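In what follows, a structure is listed as structure tokens, so that the remarks can point back to it.
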Amino acid sequence: MKRHLFLLGAALLLLSACGTTPDAGGAAGAAGTTSDATDVSTQTPTQCAPVAGGIPHSVKDFDCLNLSSVSGSDSTGELAWLGNEPFTVMTMPRDGGVSFSSKTPCNTLMGQVEVSDTQFVVGSNLAMTMMACQSPQSDYEKWVVKFFSTPLDYTLNADSLILSNTVGTVTFKPAGS
């Protein structure tokens, strides 16, 4: 019972972090209905619309992202798992800042992000849903958490965003492309 209440609390935290609230009929249950129509793990929040093409052109465009990893590497070589188990980067304006979420192959991370002319930095207050996952998904999730826990340099290309740090380098494209 405690685990179910904790998971429900985590889901409500995620909805709150992404600017959604349950509908007047109660919690976002089996149908997943929310008042502003988002499932943050699979859809773009209705409160913002990514720039045309989905790839940011400037720092201000980072406040509305819906990107999915397509390739990457770290000190061990290519991250082949990204081909079957991608993770996302979603952002949106919230309370004068920018909220961040990432659906990993297991759980969803959420927090705040600050973007400068060269870096994408996820705040230290990173929260996570608490679904129990088995290996290899739990290993992939640990990698993603470590990746976002270190400031990331970014490179903007016409069709992709590349985030890199000492943990690794990952290329993102608009979700669904």
List every residue pair whose Cβ atoms sit under 9 Å apart, with the two residues 6 or more apart in sequence or on different chains, where the first one lies in the stretch 45-61 and is at positive phi and the second, anywhere, is part of a loop (DSSP other than H, G, I, E, B) and modelled with pLDDT of 90 or more.
Gly53/Ala158; Gly53/Asp159; Gly54/Asp159
Out of (1) of a type in the set (Gly, Ala, Ser); (2) closer than 26 Å to Gly97 by Cβ; (3) surrounded by fewer than 13 Cβ atoms within 10 Å (Cβ to Cβ), what's the single condition that is false for Ala132?
(2)
Cβ contacts < 8 Å: first residue over 18 Å from Ser124 (Cβ atoms), restricted to the stretch 81-100; second residue open to solvent by 20 Å² or more (accessible area, probe 1.4 Å) and aromatic (Phe, Trp, Tyr), any location; separation 6+ or different chain. Result?
Trp81/Tyr140; Glu85/Tyr140; Phe87/Tyr140
Taking the stated definitions as given, is Ser160 within 13 Å of the chain's Cα centre (by Cα) and open to solvent by less than 40 Å² (accessible area, probe 1.4 Å)?
no
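The values are calculated or read from the model by the stated rules, or taken from the named source; none is laboratory data. These numbers were taken from a predicted model, which means no experiment stands behind them. No Cβ is skipped: glycine too gets one built from the backbone with ideal geometry, and neighbour counts run over all protein chains shown. When the accessible area is computed, the model is the full protein with side chains, heavy atoms only, and any ligands, DNA or RNA have been set aside. Shrake-Rupley method; radii C 1.70, N 1.55, O 1.52, S 1.80 Å.
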